[in-house]
Structure formats: C-alpha cells, structure tokens
1. When you scan region 112-125, do you find a residue that is open to solvent by less than 20 Å² (accessible area, probe 1.4 Å), under 10 Å from the mean Cα position of the chain (by Cα) and within 16 Å of TYR72 (Cβ to Cβ), even just one?
2. Does GLU60 count as charged (D, E, K, R) and more than 14 Å from the chain's Cα centre (by Cα)?
3. Considering each of GLY145, GLY103, GLY168, GLY150 in turn, give the residue that is touching a strand residue (DSSP E or B) at 6+ places or on another chain (Cβ under 9 Å), open to solvent by 60 Å² or more (accessible area, probe 1.4 Å), without any contact (Cβ under 8 Å) to a residue 40 or more places away in the chain and on the phi > 0 side of the Ramachandran plot.
4. Which members of region 31-44 meet the condition of being open to solvent by less than 50 Å² (accessible area, probe 1.4 Å) and at pLDDT below 85?
5. For region 50-85, enumerate the residues that are surrounded by fewer than 16 Cβ atoms within 10 Å (Cβ to Cβ) and either in contact with an Asp or Glu (Cβ under 7 Å, 6 or more places away or on another chain) or part of a strand (DSSP E or B) (or both).
6. Pick from GLY88, GLY17, GLY41, GLY107: which is under 23 Å from GLY150 (Cβ atoms) and assigned to a helix (DSSP H, G or I)?
7. Can you confirm whether SER47 is open to solvent by less than 40 Å² (accessible area, probe 1.4 Å), polar (S, T, N, Q) and either within 21 Å of ASP23 (Cβ to Cβ) or within 15 Å of the chain's Cα centre (by Cα) (or both)?
8. Out of all the residues in region 7-30, which are farther than 18 Å from GLY63 by Cα and either among the β-branched types (Val, Ile, Thr) or open to solvent by less than 70 Å² (accessible area, probe 1.4 Å) (or both)?
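The values are calculated or read from the model by the stated rules, or taken from the named source; none is laboratory data. This one's a predicted model, so the numbers in the text were calculated from it and none came from an experiment. In this analysis, Cβ positions are derived from the backbone assuming ideal geometry, glycine residues included, and neighbour counts consider all displayed protein chains. Each accessible area value is taken on the protein alone, full model and side chains, heavy atoms only, with ligands, DNA and RNA left out. Shrake-Rupley method; radii C 1.70, N 1.55, O 1.52, S 1.80 Å.
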Amino acid sequence: MTREKAPRYAFRPLAEGDLPLLDRWFRQPHVREWWDDADKGAAVIASHIDSDSVEPLIAELDGKPIGYIQNYDPHLEDDHPYADQPFGTLGIDLFIGEPALVGKGHGPALMRRLCELLFEEGAPRVVADPDPRNVRAVRAYEKAGLLPLGERRSRYGHVLLMASDAPGGEDDI
C-alpha cells in the first residue's frame, strides 16, 4: 500500500514576474465574481509590492503557484474600518487562482498555515472580511478556524468580519 504525501504549502513574496499569472487568475470567473475591480486587480496588487502596510504573497502547493494571499495591518492605514481591532491585528485576503483547485480544501489549509505563521510572529488576531453572500469563502474561513464577529458596511462594501485569535491570547473569541 502506498501512502499519499501531505500537500506542502508555502508562501513567497509577489514579484513583478508574477503579474501576468495574477492577471490571468483575476480573469477567472470564480475570482472575478468576488474581487472588486478584477480588471485592475493585478495593477492594484502590484502597487503593494513595496508597501509598508500590505504584504502580497503567492501561495504555492508543492512548489507550484496556486493562488494569491495577502496580509495587511489595518492600523497602518488612516481611517481603516478594522482599526477597532486589537493593536497588532492583521487582515488576510485570499483566493485560489487555479480553477481546478477550487473546492479541494486548499483555501482553508492556506489560511490556517498563514494564521499560524502570523501568530508565531506575534499577531494577536487575524481577521478576514468576505462578502457574506460568498458562502464558499465564509465556509473556508470557518474551516480555518475564523469565527464571525458580525456584518459591517464599509468602504469595502458589505462584509462579514471574521477573526481568529492567537492561541492563549487574552482576547480569545
């Protein structure tokens, strides 16, 4: 009997050379449906490559790019709608770019892995803000351990703010 090896997930910084791939992913119907202004998505994300407040990353599965993930500090942006969260909180946005890999459990696994890394680096809380109608994303975040804090209307539209607190933190949800 052969044993299947567990998938290996990794993150690497987004590079200029990734922009054509990112643009292709933004054109996929499953991404376009939920990402605001998908036509400009790669250009907007490219502007974050040297950002102090946003860390754009390529998510990899066994060394192959499968999606985009970013983390950001809402306390580094003026009037950010999530600045009410505990200081040090980081936000995450994520999508699986490759259509054949959607619905296979990679989103929750990537989210769990990035949360672990961010908690190890000292973040007390991680938040995500899917559109509440995006059942697939909400379910993926729940599987990753994020709990709903409530719905909000902000400059990002109608969102369901979800959070996970670092293990042993005082503000456990």
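1. Taking every residue of region 112-125 in turn, at least one turns out to be open to solvent by less than 20 Å² (accessible area, probe 1.4 Å), under 10 Å from the mean Cα position of the chain (by Cα) and within 16 Å of TYR72 (Cβ to Cβ).
2. Values: charged (D, E, K, R): yes; more than 14 Å from the chain's Cα centre (by Cα): no.
Considered against the rule, which asks whether it is charged (D, E, K, R) and more than 14 Å from the chain's Cα centre (by Cα), GLU60 comes out as no.
3. Values: GLY145 fails: open to solvent by 60 Å² or more (accessible area, probe 1.4 Å); GLY168 fails: touching a strand residue (DSSP E or B) at 6+ places or on another chain (Cβ under 9 Å); GLY150 fails: open to solvent by 60 Å² or more (accessible area, probe 1.4 Å).
Just one listed residue meets the conditions, GLY103.
4. Listed by number, the residues that qualify are ALA38, GLY41, ALA42.
5. Result: SER53, LYS64, LEU76.
6. Values: GLY88 fails: assigned to a helix (DSSP H, G or I); GLY17 fails: under 23 Å from GLY150 (Cβ atoms); GLY41 fails: under 23 Å from GLY150 (Cβ atoms).
Sole residue among the options that is under 23 Å from GLY150 (Cβ atoms) and assigned to a helix (DSSP H, G or I): GLY107.
7. Numbers: open to solvent by less than 40 Å² (accessible area, probe 1.4 Å): no; polar (S, T, N, Q): yes; either within 21 Å of ASP23 (Cβ to Cβ) or within 15 Å of the chain's Cα centre (by Cα) (or both): yes.
Considered against the rule, which asks whether it is open to solvent by less than 40 Å² (accessible area, probe 1.4 Å), polar (S, T, N, Q) and either within 21 Å of ASP23 (Cβ to Cβ) or within 15 Å of the chain's Cα centre (by Cα) (or both), SER47 comes out as no.
8. ASP23, PHE26, GLN28, HIS30 - these are the residues of region 7-30 that are farther than 18 Å from GLY63 by Cα and either among the β-branched types (Val, Ile, Thr) or open to solvent by less than 70 Å² (accessible area, probe 1.4 Å) (or both).
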